[in-house]
Amino acid sequence: MEKYKIIGSHPLSGEIKVSGAKNAALKILAASVLSKDTCQINNIPQIEDIKRMTEILESLGAKLLWHDSTLTIDPSGITKSIPDQQLIKKLRSSIVLAGPLLARFGEVTMSHPGGCIIGKRPIDLFLSGFKALGAEIFDHGESFTLKAKKLTGAKIVLPKVSVTVTESLMMTACLAQGTTTIINSAMEPEIPALAQYLNKCGAKITGAGTPQIIIEGVDGLSAGIYELMPDRIEACSFVMMGLATGSKIKVTDCRPEHLETVLAILKNAGADLEIGPDYITTKTSYLRGTEIQTHEYPGFPTDLQAPFTVLMTQANGRSLIHETIFDGRLFYTDKLNAMGADIIMCDPHRVIVSGKTKLNGKKLESPDLRAGMALIIAGLCAEGETTIDNIYQIERGYENIVPRLRAIGAKIEKIKD
Ligand code: EPU
């Protein structure tokens, strides 16, 4: 088993380039099955979640070709719409394939993705959305089948804002007959980017990036070139890493306009940041404890809550962290306490961090992707040696993280047990 070994308390310096956005990439890969034509995706990150999704597409019959960070997908050979259930189980977000496969082939069978460490992760909103578009649902316990001879546009009111539900219904409705309106849709920047691509391919989507999306169904879609946006979560995790370690680092090739709220919160907390059109530079800052609440976009992203909590262990005073989106996303904080942090859990959704505390290196295990990045940041702040196990979770979403962090002076290496 491989682990990361980190020797902390060394300032970082230099430039780190942000990779393409995981959560945009997964959806464009799913969207590729909506058409028979070949699409090309540029700036795609080589991460485990993308590898799992490409394995699923290949198992369906798609032909994939990698050239550096460009992926070409030829879906013309897809002959079946029942993906390998073992592959599906390896990737929670494979659920985003259900809608496009249903729309193109009229039938799909998927495993229930089930809960994960960050929360219960139900799929009720996907299923009720597909049903509203005319799909019949057959539940087989561990898996379910969706069938529809013809999908018909509908008005769908989401009782809860959900990113992947919004994206799934938007993709599916492209090939439904008539008009679909999604009310209370999510507004994350990856959603208008996906809509823009689909529109280039012949879809008729308006309102993506607002709480109401309208989709006029079309008979078919073509395909084209999609330039993946930089990963806003990765970008800001690096910013928080720079601040937490008191370093001057320049995070390049990012889109600060996707991070307005979190950057404003960081500045209010005392962060000295230089923000350019496509870069953010951190400087040594005196940080004050701060209160945050995670929120759907454009609020404070839940995916940055764990790195921010680590940052607040290095801020002076008290911080209240309120995780509102997922019910299991604060349990990594006991690992920070083991390193010397002073964090009190009020309930599963809220913790109080008292800082500034000295952290000490520890043997840790990464519980999930974003908490894993938070543990790397904690390890870089800590005195002594930290080892992090279960690094698959981290490599699900961060491309070549060890060499990239070493290039900015981090003492991190991958070791074998
Ligand atoms: N929800 C339901 N029913 C559903 C679907 C969702 O109750 O059918 C609930 C969820 O349990 C949660 C809330 O709705 O409480 C909102 O979650 P959402 O559905 O928006 O999350 P998601 O679409 O499954 C995406 C990202 C997550 C990110 C969240 C929130 C992808 C592949 N995943 O998940 O990213 O945390 O939006 O922004 O886009 C990550 O990258 O580490 C990650 C977890």
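Observations
- Taking 0.36 nm per residue of separation and subtracting the Cα-Cα distance, full extension of the segment from LYS90 to ASP253 would add 55.6 nm.
- Using a probe of 1.4 angstrom and keeping all protein chains present, the accessible surface of the chain works out to 39 square angstrom per residue.
- Computed over the chain, the P(r) tail beyond 37 angstrom holds 23 percent of alpha carbon pairs.
- The peptide list 130-141, 388-399, 309-320, put in order of mean Cβ contacts within 10 Å with the highest first, becomes 309-320, 388-399, 130-141.
- Here the gap between THR70 and GLU291, fully extended at 0.36 nm per residue and compared with their Cα-Cα distance, gives a gain of 75.5 nm.
- When the charge dipole of the range 349-417 is built from unit charges on Cβ atoms (+1 for Lys and Arg, -1 for Asp and Glu) and taken about the Cα centre, the candidate among ASN360, GLY372, TYR398 whose Cα reaches farthest toward its positive end is ASN360.
- Measuring between their Cα centroids, the range 166-184 and the range 292-339 lie 33 Å from each other.
- The long axis of helix 369-381 is offset from the longest Cα principal axis of the chain by roughly 20 degrees.
- Here the peptides 369-375, 80-86, 66-72, 17-23 are ranked by packing, the mean other Cβ count within 10 Å, and the order with the highest first is 369-375, 17-23, 80-86, 66-72.
- Gap separating the Cα centres of the range 64-130 and the range 345-378, nearest whole Å: 32 Å
- Residue with peak Gaussian network fluctuation, the chain [Cα springs, cutoff 10 Å], from GLY270, GLY289, GLY129: GLY270
- Virtual spin-label span in nm between ASP334 and LYS150, 7 Å along Cα→Cβ: 5.6 nm
- Cα shape, the range 22-218, gyration tensor, a/c 1.5 rule: rounded
- Nearest-0.05 FRET efficiency for ILE225 and LYS414, computed from C-beta distance (R0 25 Å): 0.15
- Degrees between helix 48-60 axis and first principal axis of the chain (Cα, 0 to 90, nearest 10): 20 degrees
- Note, ³J(HN,Hα) from phi for the range 223-228, Karplus 6.51, -1.76, 1.60, rounded to Hz, x at Gly and Pro: 9, x, 9, 10, 9, 6
- Cβ-derived FRET efficiency at R0 22 Å, ILE137 paired with GLU216, nearest 0.05: 0.30
- Note, ³J(HN,Hα) from phi for the range 182-188, Karplus 6.51, -1.76, 1.60, rounded to Hz, x at Gly and Pro: 9, 9, 6, 6, 6, 10, 3
- The stretch between GLU385 and CYS346, if pulled fully straight at 0.36 nm per residue, gains 11.1 nm over its current Cα-Cα span.
- For the range 87-161, the share of accessible area belonging to carbon and sulfur comes to 54 percent (1.4 Å probe, ligands and nucleic acids excluded).
- Cα-based shape type of the range 101-246, given that a ≥ b ≥ c are square roots of the gyration tensor eigenvalues and the cut on a/c is 1.5: oblate
- For LYS17, nonlocal amide neighbours, meaning residues 5 or more places apart or on other chains whose placed amide H falls under 5 Å from its own, are THR252.
- For the chain, the dipole from Cβ point charges (+1 on Lys and Arg, -1 on Asp and Glu) about the Cα centre works out to 240 debye, to the nearest 20.
- Estimated 222 nm signal from helices in the chain, with DSSP H stretches of n ≥ 4 weighted -39500 (n - 2.57), rounded to 500: -8500 deg cm²/dmol
The values are calculated or read from the model by the stated rules, or taken from the named source; none is laboratory data. Remember, it's a predicted structure, so these values are computed and weren't measured experimentally. We place every Cβ from the backbone using ideal geometry, glycine too, and count neighbours over all the protein chains shown. For accessibility, only protein heavy atoms count, side chains too; no ligands or nucleic acids. Shrake-Rupley method; radii C 1.70, N 1.55, O 1.52, S 1.80 Å.
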